[in-house]
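The values are calculated or read from the model by the stated rules, or taken from the named source; none is laboratory data. All figures in this text were calculated on a predicted structure; none of them were measured in a lab. Note: ideal-geometry Cβ built from the backbone for every residue, glycine included; neighbour counts use all protein chains shown. Quick note on the areas: whole protein, heavy atoms, side chains included, nothing else; ligands and nucleic acids left out. Shrake-Rupley method; radii C 1.70, N 1.55, O 1.52, S 1.80 Å.
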Amino acid sequence: MEKLLVSIEKIFPFVNREQINALEPEITKSLQTLYNKDGKGSEYLGWLDLPSRITEHEIKEIEETAHQFKKKTDIVVVIGIGGSYLGARAVIDALSHNFKNLLNENSSPVVVYAGQNLGEDYLFDLIQVLSNYDYRIVVISKSGTTTEPAIAFRILKKHLEDKYGKAASKERIVAVTDEHRGALLDIARKEGYKTFVIPDNVGGRFSVFTAVGLLPIAIAGFDIHQLIRGAKHMQQMTSPQVPFAENPAAQYAAARNALYRNGNSIEILVNYTPRLLYITEWWKQLYGESEGKDNKGIFPASVNFTTDLHSLGQYIQDGRRILFETVLSVEKTRSALAIPNDADNNDGLNYLSYKPLSYVNKMAEIGTMLAHLDGGVPNIQIEISQINENSIGQLLYFFEIACGISGYTLGVNPFDQPGVEDYKKNMFALLGKPGFENLSAALHERMEKLE
Ligand code: PA5
C-alpha cells in the first residue's frame, strides 16, 4: 500500500500546538457525526463507505462497458460539469502521459471533455475534430437537467446521429444519471442507452468513486480496482477508531480550522507537477462548494509551481497575510531525466550536471516552503510516495473525509450548495426559460438602469 503522510509541523510558528489539541473534541465529534449520520445534510453521506461498499460486480460492469468502448473507438467525449466532470479529469490527468494525445502507441481512446463550459468555439472545434475520428459519448448528469452538459449533449447527440445513424448511435452513448428521475434518464430510456446510476445519497462533488468517475477512468485505461483499494485503505486510516493524532484527515481538518480561526482565510493548494493540476481543480470544487456558505469558509485557491512562482509567487511571499499553503508533495517521479554536462558551460549550469530534474524541483519545493514561512505563510504538507492509482485513490478519499470533518467543525452543511442556484435563476430568466418571466422583467429593468 502506498503511503500518504500529513505534516502540520510548519503551522506552529503561526498557531500553537495547544490550539490544535484544543480542537480535538470538536474534530472528533465532527467525524463521529459523519459516521452517526446525524448531522446536517446526512442524507448525502453515501460516499462515506463507498470504497468498502462498492461490489466486484459493480466494478466489473463498469470495466466491461469501458472495454467495449476502448476497443472500438478513437475518442470518448465525457460530457459533464462540476462534480460530474472534475473527479474523472483529475484522476485521468494525474495518471496519463503528459502528451498522451501525441503518442502513436495509444491502447486506450483519447478522453476529451464537453459540457464543462459554454464556449462556442470550444464545442465547434471539438465537433470539427470528431468529424474526422470514430467517437463515442459518456454523458454524466445527476439531475439530468444541468444547462451546460444538456446543451452539449443535444448538439453532440445530433452530430453523432447524423454521422452514424440513429440506430447505431445508441450503442455509442452511455448515460450516468439518477436512478429514478430527470430529463437525461428519460432520454436514455427512450433511446435505449446503457445507463449507470449515481446513487441518491452521493452528491456530485463526492461522486468520483461511483460510475461518474470510475467509467471515464476505466475507459482511459486505468486500474479502478487499485483506485478503490487506495480509497478503501484511507477509509480505514481515517475512521473514528483511529486516534486523533494518527488520523491524517483529523490532523488536516484541525490544522486548517485553527488557521482559519487565526485569520488565515485563504488556503492555496500547491502542486509541483502539471500532472496534479486537475487534482487541485477538483479539490477547489470540493472545498469551495462544501464550506463556502453562511458567510463563512476558507477560500480554496490553487497554484502550479514552479510556473506560478513567476507570477502569483510575489503575492504569496509579500501580499496580504491571510494565506496558508497546503503542498501536495510527491516523493518519486515516474521517469528519470538528468541534466547533461556541457563542456562550454555557457549557461553556467554545470553545477547541476548529472542531477535529475526531480532534484532541482525538490530543492525548489523546499526553498519555496522556507521562503514562504519566512514571509508569514503557514505550511501544511501532504506527501505521497508516487502518483499512481492507489495513491490517488487515497488522496481523493482523504480530501473528501477531511472536507466533511472540516465543514461540520466550521458549523455549515458541507453537503448542499444553495449558492450555486442564484446565477442559474438569472441565466434562465435572461434566456427566456418558461417560468422565469417575472425575474426576467426585473433583471431587464436593472440592466436598463445600468446602461
Ligand atoms: O457538486 C455538485 O453537486 C455540482 O457541482 C454538480 O456536480 C454539478 O452542478 C453538475 O450537476 P449534475 O450532475 O446534476 O449535472
inquiry  = Let me spell it out: the conditions are (1) open to solvent by 30 Å² or more (accessible area, probe 1.4 Å); (2) out of contact with any strand residue (DSSP E or B) (no Cβ under 9 Å at 6 or more places or on another chain); (3) not in a loop (DSSP other than H, G, I, E, B), and P240 meets all of them except one. Which number is the exception?
reply    = (3)
note = Matching residues in segment 152-177 (out of contact with any helix residue (DSSP H, G or I) (no Cβ under 6 Å at 6 or more places or on another chain) and without any contact (Cβ under 8 Å) to a residue 40 or more places away in the chain) number 13
inquiry  = Please count how many residues of segment 381-429 are of a type in the set (A, V, I, L, M), touching an Asp or Glu at 6+ places or on another chain (Cβ under 7 Å) and not in a helix (DSSP H, G or I).
reply    = 2
All positions within segment 77-101 that are away from the ligand (no atom under 16 Å from the Cβ), surrounded by fewer than 24 Cβ atoms within 10 Å (Cβ to Cβ) and either modelled with pLDDT of 85 or more or of a type in the set (D, E, K, R) (or both) = I92, D93, L95, S96, H97, N98, F99, K100
query = How about segment 125-192: which helices (runs of 4 or more DSSP H) wholly inside it have at least 1 residues that are away from the ligand (no atom under 16 Å from the Cβ) and at pLDDT 95 or above?
reply = 147-164, 183-191
ask   = Scanning for something within 15 Å of the chain's Cα centre (by Cα) and closer than 17 Å to F324 by Cβ, does segment 251-268 turn up at least one residue?
value = yes
task = Only residues that are within 15 Å of the ligand (Cβ to nearest atom), open to solvent by 30 Å² or more (accessible area, probe 1.4 Å) and touching a residue at least 40 places away in the same chain (Cβ under 8 Å): list them for segment 193-203, please.
result = P199, D200, N201
key: Residue among E24, E56, E61, E18 that alone is open to solvent by less than 70 Å² (accessible area, probe 1.4 Å) and over 17 Å from Y287 (Cα atoms)   = E61
